[in-house]
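Since the structure comes first, as structure tokens, the remarks are kept for the end.
The values are calculated or read from the model by the stated rules, or taken from the named source; none is laboratory data. Given the structure is predicted, the values throughout are model-derived calculations rather than measurements. All Cβ positions, glycine included, derive from the backbone under ideal geometry; neighbour counts span all protein chains shown. Note: areas computed on protein heavy atoms with side chains; ligands, DNA, RNA excluded. Shrake-Rupley method; radii C 1.70, N 1.55, O 1.52, S 1.80 Å.
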Amino acid sequence: MKQSPRISQIGKECVACGTCLRVCPKEAIQIKWGITAYVDEDKCIGCGKCAKVCPAAVIDIVERGAAR
């Protein structure tokens, strides 16, 4: 399956509220160590739903090669 050219990128300011997890259609976001969310790049389709609902506005949609 071909990967999307875009991917979610979660900033270090994430407080792991879990809002993004609930809207991700591919379950590509997980909470790590209970303090921050991270994106499974193999699952992410770059749809942007997580970025739209993030209350802290710390999620960006970037070109796949630009993700850190």
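To two decimal places, what compactness ratio does the chain give when its Cα radius of gyration is scaled by 2.2 N^0.38 Å? Intermediate values should be presented prior to the final figure.
Values: Rg = 10.8 Å, N = 68, 2.2 N^0.38 = 10.9 Å.
Its radius of gyration relative to the 2.2 N^0.38 Å reference: 0.99.
DSSP loop (so not H, G, I, E, B), at most 15 other Cβ within 10 Å: list which trypsin sites (Lys or Arg not before Pro) in the stretch 1-59 pass both filters.
Counting only loop positions with at most 15 other Cβ atoms within 10 Å, the trypsin sites (Lys or Arg not before Pro) in the stretch 1-59 are Lys2, Lys12, Lys26, Lys43.
Quick one: pull the percent of accessible area on the chain belonging to carbon and sulfur, 1.4 Å probe, ligands and nucleic acids left out.
The value for the chain is 52 percent carbon and sulfur by accessible area.
Ignoring ligands, DNA and RNA, what accessible area per residue does the chain give at 1.4 Å, in Å²?
It amounts to 66 Å² per residue over the chain.
What aspartates and glutamates does Lys32 reach when the alpha-carbon gap must be under 18 Å and sequence neighbours fewer than 8 apart in one chain are set aside?
Result set, ordered by chain and number: Glu13, Asp40, Glu41, Asp42.
Please give, to one decimal in nm, the separation of the simple spin-label points placed at Val53 and Cys17, each 7 Å out from Cα toward the Cβ.
Going from the Val53 label point to the Cys17 one covers 1.2 nm.
Check cross-link reach from Lys43 to the aspartates and glutamates: straight Cα distance under 14 Å, and skip same-chain residues fewer than eight apart.
Within the straight-line limit of under 14 Å, Lys43 reaches these aspartates and glutamates: Glu27.
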